[in-house]
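**Q** Below you will find the structure I want to go over with you.
The values are calculated or read from the model by the stated rules, or taken from the named source; none is laboratory data. What you see is a predicted model; the values in this text were computed from it and never measured. A quick note on method: Cβ atoms are made from the backbone with ideal geometry, for glycine too, and the neighbour counts reach across all protein chains shown.
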Amino acid sequence: MTRSFSTDIVIIGGGIAGLWLLNRLRQQGFDAIVLEKSALGSGQTIASQGIIHGGLKYALSGVLSPASSAIAAMPEHWRRCLRGEGDVDLRGCRVLAPHYFMWSGGGYRSRLKTFLGSKSLRGRIDTLSAAKYPPFFQHSDISGALYQLSDFVLDTPSLIELLSSPHRDRIFKIEADSLRASVTDSGKIKSIELQSRSGAVSIHAQRYVLCAGEGNGALLEMLGIASPCMQTRPLHMVVVRTNHPQPVYVHCIGDDFGMTPRLTITSHPDGSREGGWIWYVGGELAESGVGRSSEEQQAEGRKQLSESFPWVDFSSAQWSSFQINRAEPRLPNLQRPDTAYVNSQQNLLITWPTKLALTPNLSDTVCKELAHQQITPQSSGSGEPATVLTECFDFPGIARPRWDAIFNADAAQPHTDSQS
Ligand SMILES: Cc1cc2nc3c(=O)[nH]c(=O)nc-3n(C[C@H](O)[C@H](O)[C@H](O)COP(=O)(O)OP(=O)(O)OC[C@H]3O[C@@H](n4cnc5c(N)ncnc54)[C@H](O)[C@@H]3O)c2cc1C
């Protein structure tokens, strides 16, 4: 016998996009649920560097592009949430670094200097005097200029924990690839069909929202939707377990003044060493390293980091690397999306935040679209336990960071990240 459940909104995918949206919708009185096939945040979110940025790095070509103006408001939006004054309450979320930095090294060009000092960037970037350098950069070997950005860095596992814990009764782990949709001839979704430990389950909703990151590709194919189309951008990230006592959060800008910083570095707590740090390195190194083997990429990472920070002793550091995709809509002329992406078709919304930082923008757009479509809370189940679903499915748990799985492979904590 198929069991039935009705709700207002079904969200497919429990990364930052799905969980932020769940919080917004439930505040508005909607009954909403999240269906997740793996662990929460296990796609890009927990693997991200956690930088809440204002798009400055996209402005490195020397002009403020539309991308940088659309995202410029995001750091302050998130800061309001962290103070408990925003659209989602993030009080208690761990902030790894209250500021992010940009370091131009010794041989930077005057065009960059002029740009970084320009009027259009006022309030978004400060040139620091050496006395104000963070501890990592207080070293006699240092040359070039250090800039403090309005950006900051969040601990993504803590973010996912905070967004999911109040809604554990509305977030369900489904069997990977068991999800099917019953669709009318005109392309409207009638119901979502799932297999569970207690048999078949059919879920009906006013609207269905795809927030499955890279998984949106397979879901669109299953639904027979050709447009929008997804594209992935592969990255080859480097991870370093260092003994250096200070964390580092910085974009290192190369001499070529390109669109992408040479190195984008964040530091994350090492789960097995009190006070230890894992450095996580992206930027141009990760983009250009996609064709390199893991050994080659680690060697390149070691070379670049040693050259950049001669005062750091890497002799006992442990190195690793892994490949991961960013997922986003494919836009004409291979443009990079400059806001969160939301596309509405019948009773379906297809979304990609394109950046962690743009997640509030995604939820705002979805909420506005629902209001525009005159969708209001209707389900009588709102606020009641979703008994049918809790009997059939478990809470998915939160994904473990990749570096934790790499360096602490024997740790007792279960690892459910399917991609590592
Ligand atoms: C290495 C890296 C570093 C990054 N760093 C930053 C950064 O510093 N700052 C920034 O702003 N952005 C950054 N990004 C981008 C950012 O991480 C993503 O834009 C954002 O996390 C996407 O969130 P999401 O919820 O859409 O997708 P995801 O986090 O990928 O979540 C999708 C979820 O859907 C689930 N799912 C997939 N298919 C299905 C299905 N069929 N049924 C049910 N569930 C399904 C997955 O298991 C996953 O949990 C980075 C990305 C990468 C890869």
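**Q** Find the residue count for the stretch 275-332, including only residues that are surrounded by 14 or more Cβ atoms within 10 Å (Cβ to Cβ), of a type in the set (Asp, Glu) and farther than 16 Å from Ala47 by Cα.
**A** 2
**Q** Shifting gears a bit: Starting from the stretch 70-87, take each residue that is more than 13 Å from Ser150 (Cβ to Cβ) and list its partners that are part of a helix (DSSP H, G or I), counting only C-beta distances under 6 angstrom and pairs at least six apart or across chains.
**A** Sorted first by the residue in the stretch 70-87, then by its partner, the pairs are Gly86/Arg80.
**Q** Does Val281 qualify as being within 28 Å of Ser158 (Cβ to Cβ), part of a loop (DSSP other than H, G, I, E, B) and among the hydrophobic types (A, V, I, L, M, F, W, C)? Show your work before the answer.
**A** Details: within 28 Å of Ser158 (Cβ to Cβ): yes; part of a loop (DSSP other than H, G, I, E, B): no; among the hydrophobic types (A, V, I, L, M, F, W, C): yes.
It is false that Val281 is within 28 Å of Ser158 (Cβ to Cβ), part of a loop (DSSP other than H, G, I, E, B) and among the hydrophobic types (A, V, I, L, M, F, W, C).
**Q** Further question: Which of the residues that make up the stretch 346-360 are of a type outside the set (A, V, I, L, M) and surrounded by 21 or more Cβ atoms within 10 Å (Cβ to Cβ)?
**A** First, the residues of the stretch 346-360 that are of a type outside the set (A, V, I, L, M): 346-347, 351-355, 359-360.
Matches in the stretch 346-360: Thr351, Trp352, Pro353, Thr354, Lys355, Thr359, Pro360.
**Q** Might you let me know whether the stretch 338-345 holds any residue that is part of a strand (DSSP E or B) and buried (at least 18 other Cβ atoms within 10 Å of the Cβ)? Let's see the steps before the verdict.
**A** Restricting attention to the stretch 338-345, the residues satisfying the condition of being part of a strand (DSSP E or B) are 341-345.
Pick out the ones that are also buried (at least 18 other Cβ atoms within 10 Å of the Cβ) and you get 341-342.
Scanning the stretch 338-345 turns up at least one residue that is part of a strand (DSSP E or B) and buried (at least 18 other Cβ atoms within 10 Å of the Cβ).
**Q** I would also like to ask the following. Restricting attention to the stretch 322-333, does a residue exist that is assigned to a helix (DSSP H, G or I), among the hydrophobic types (A, V, I, L, M, F, W, C) and either outside the structural domain of Ala205 (by TED's automatic domain parsing) or modelled with pLDDT of 95 or more (or both)? Working first, answer last.
**A** In the first step, residues of the stretch 322-333 are kept if they are assigned to a helix (DSSP H, G or I); the result is 332-333.
Retained after the next criterion (residues that are among the hydrophobic types (A, V, I, L, M, F, W, C)): none.
No, the stretch 322-333 has no match at all.
**Q** Any chance the stretch 220-239 includes a residue that's within 30 Å of Thr387 (Cα to Cα), buried (at least 16 other Cβ atoms within 10 Å of the Cβ), in contact (Cβ under 8 Å) with a residue 24 or more places away in the chain and not assigned by TED's automatic domain parsing to the domain that holds Leu146? Spell out how you get there, then give the answer.
**A** Taking the stretch 220-239 and keeping what is within 30 Å of Thr387 (Cα to Cα), we get 220, 222-223.
Filter once more, keeping what is buried (at least 16 other Cβ atoms within 10 Å of the Cβ): 220, 223.
Subsequent filtering for residues that are in contact (Cβ under 8 Å) with a residue 24 or more places away in the chain retains 220, 223.
Imposing the further condition that a residue be not assigned by TED's automatic domain parsing to the domain that holds Leu146 reduces the set to 220, 223.
Yes: one or more hits.
To keep it simple, each residue is scored yes or no on (1) away from the ligand (no atom under 11 Å from the Cβ); (2) within 14 Å of Pro228 (Cβ to Cβ).
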site	(1), (2)
Pro332	yes, yes
Arg336	yes, no
Ala340	no, yes
Lys355	no, no
Leu358	no, no
Glu369	yes, no
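**Q** Kindly check whether there is at least one residue in the stretch 50-69 that is crowded, with 24+ Cβ neighbours inside 10 Å, at pLDDT 95 or above, of a type in the set (Gly, Ala, Ser) and outside the structural domain of Ile203 (by TED's automatic domain parsing).
**A** The answer is yes, given that some residue of the stretch 50-69 is crowded, with 24+ Cβ neighbours inside 10 Å, at pLDDT 95 or above, of a type in the set (Gly, Ala, Ser) and outside the structural domain of Ile203 (by TED's automatic domain parsing).
**Q** Please name all residue pairs, on different chains or six or more residues apart, with Cβ atoms under 9 Å, provided the first residue is in the stretch 176-202 and is closer than 17 Å to Cys392 by Cβ and the second residue is part of a loop (DSSP other than H, G, I, E, B) and more than 16 Å from the ligand (Cβ to nearest atom).
**A** Glu193/Thr2; Gly199/Met1; Gly199/Thr2; Ala200/Met1; Ala200/Thr2; Val201/Thr2; Ser202/Thr2
**Q** How many residues does the stretch 175-206 hold that are within 14 Å of the ligand (Cβ to nearest atom) and assigned to a loop (DSSP other than H, G, I, E, B)?
**A** So the count comes out to 5.
**Q** Here's another thing I want to ask about it. Would it be correct to say that Leu349 is aliphatic (A, V, I, L, M), assigned to a helix (DSSP H, G or I) and either under 20 Å from the mean Cα position of the chain (by Cα) or more than 12 Å from the ligand (Cβ to nearest atom) (or both)? Full working, then the answer.
**A** Working: aliphatic (A, V, I, L, M): yes; assigned to a helix (DSSP H, G or I): no; either under 20 Å from the mean Cα position of the chain (by Cα) or more than 12 Å from the ligand (Cβ to nearest atom) (or both): yes.
In short, no.
**Q** I would also like to ask the following. Among the residues of the stretch 207-219, write down those that are near the ligand (Cβ under 9 Å from one of its atoms) and of a type in the set (A, V, I, L, M, F, W, C).
**A** Leu210, Cys211, Ala212, Ala218, Leu219
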